[in-house]
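Right, one structure below, let's go through it.
The values are calculated or read from the model by the stated rules, or taken from the named source; none is laboratory data. The model shown is predicted, which means the values in this text are computed figures rather than measured ones. With ideal geometry, Cβ positions are generated from the backbone for all residues, glycine too; neighbour counts draw on all protein chains shown.
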Amino acid sequence: MARPSRERLEHLSRELVDVLARSRAVILLKDREVVRQAMAQALTDELRREQERQDNARRRIAAMRNAPKRGTAEWDALFGKLVEEEYLREGLDS
């Protein structure tokens, strides 16, 4: 999956703030631009953490003695399992 551009993340954060601002259930306690910037930063941080989880899983597979070949169903299943373990290690559910 391709990583979204900074412009795309800012667009998403702007759209999210617009939806929240229109909602009667949400009251923005800060200026819309401050909220938008915080959302954009949160999205960027989460994407960075996701990349780190995936990199850790790839490193663990590469360190295995009889690691499956990349691109095989076995490799994909192992990769998914190891990424899931990274989430659990952080106390998160995927």
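Close Cβ contacts (under 6 Å, 6 or more residues apart or on different chains) running from residues in segment 12-34 that are closer than 20 Å to THR44 by Cα to residues that are of a type in the set (Val, Ile, Thr) and outside any helix (DSSP H, G or I) comprise LEU20/VAL26.
For (1) more than 28 Å from SER5 (Cα to Cα); (2) modelled with pLDDT under 95; (3) in contact with a strand residue (DSSP E or B) (Cβ under 8 Å, 6 or more places away or on another chain), each residue gets a yes or a no:
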residue: LEU47; (1), (2), (3): no, yes, no
residue: GLU50; (1), (2), (3): no, yes, no
residue: ALA57; (1), (2), (3): no, no, no
residue: ARG65; (1), (2), (3): yes, yes, no
residue: LYS69; (1), (2), (3): yes, yes, no
residue: ALA73; (1), (2), (3): yes, no, no
residue: ASP76; (1), (2), (3): no, no, no
residue: PHE79; (1), (2), (3): no, no, no
residue: LEU88; (1), (2), (3): no, yes, no
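Scanning segment 35-71 for residues that are among the small types (Gly, Ala, Ser) and touching a residue at least 24 places away in the same chain (Cβ under 8 Å), we see that the one that is farthest from VAL83 (Cα to Cα) is ALA40.
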